[in-house]
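Colleague: Have a look at this one before I ask anything.
The values are calculated or read from the model by the stated rules, or taken from the named source; none is laboratory data. Remember, predicted model here, so these are calculated numbers, not experimental data. Here Cβ is always computed from backbone atoms with ideal geometry, including for glycine, and neighbour counts include all displayed protein chains. The protein model used for the area step is the full one, side chains on, heavy atoms only, and it has no ligands, DNA or RNA in it. Shrake-Rupley method; radii C 1.70, N 1.55, O 1.52, S 1.80 Å.
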Amino acid sequence: MPHLATALALTFASRYAGVLLDEGISQGKELVNSRPLQALVAGLKAYSTWENISCLQDCRECTGGMGYIMENRISGLKYDTDVFVTFEGDNVVMLQVVVRELLAQYTKQHEERPIFCLLQNLAESRVTS
């Protein structure tokens, strides 16, 4: 069930990214410099490929030795999906794109309202400790 829930969440998130892309194209916006959308897609790619491999591994382990029988198609799917971790860019590099965008947004937020952000961080640190 956790893999099914994750697959549904990733489906909704990828559809949301598709809607953002379609809206940008229909409005004639320049999408080459759309860093938030690039970060979203990069994060989705990395997480979804790792989740795919994890799900297939769990399926193979649940079937025991039968997981390697060609009729189950698990080994064939694992063979096909292992390449997706590095296809279109290694997942670690994809996550660096996400981190770069998050840090840029964080920096921009602190430049616009430095006192408010300082007080908010202080309040959050007091609540968690």
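Colleague: I'm told F84 meets every condition in (1) of a type outside the set (S, T, Y); (2) open to solvent by less than 60 Å² (accessible area, probe 1.4 Å); (3) in a helix (DSSP H, G or I); (4) touching a residue at least 12 places away in the same chain (Cβ under 8 Å) except one. Can you identify the failing condition by its number?
Modeller: (2)
Colleague: In the set M94, M66, M70, which member is free of Cβ contacts under 8 Å to residues at least 60 places away in the same chain, under 16 Å from G43 (Cβ atoms) and hydrophobic (A, V, I, L, M, F, W, C)?
Modeller: Sole residue among the options that is free of Cβ contacts under 8 Å to residues at least 60 places away in the same chain, under 16 Å from G43 (Cβ atoms) and hydrophobic (A, V, I, L, M, F, W, C): M94.
Colleague: Give the number of residues within segment 33-49 that are assigned to a loop (DSSP other than H, G, I, E, B) and either at pLDDT 85 or above or open to solvent by less than 100 Å² (accessible area, probe 1.4 Å) (or both).
Modeller: So the count comes out to 1.
Colleague: Condition first: part of a loop (DSSP other than H, G, I, E, B) and open to solvent by less than 80 Å² (accessible area, probe 1.4 Å). Now tell me which residues in segment 87-97 satisfy that.
Modeller: G89, D90 - these are the residues of segment 87-97 that are part of a loop (DSSP other than H, G, I, E, B) and open to solvent by less than 80 Å² (accessible area, probe 1.4 Å).
Colleague: Just give me the residues in segment 54-81 being in contact with a helix residue (DSSP H, G or I) (Cβ under 6 Å, 6 or more places away or on another chain) and surrounded by 14 or more Cβ atoms within 10 Å (Cβ to Cβ), in sequence order.
Modeller: C55, L56, C59, R60, G67, I74, S75, L77, K78, T81
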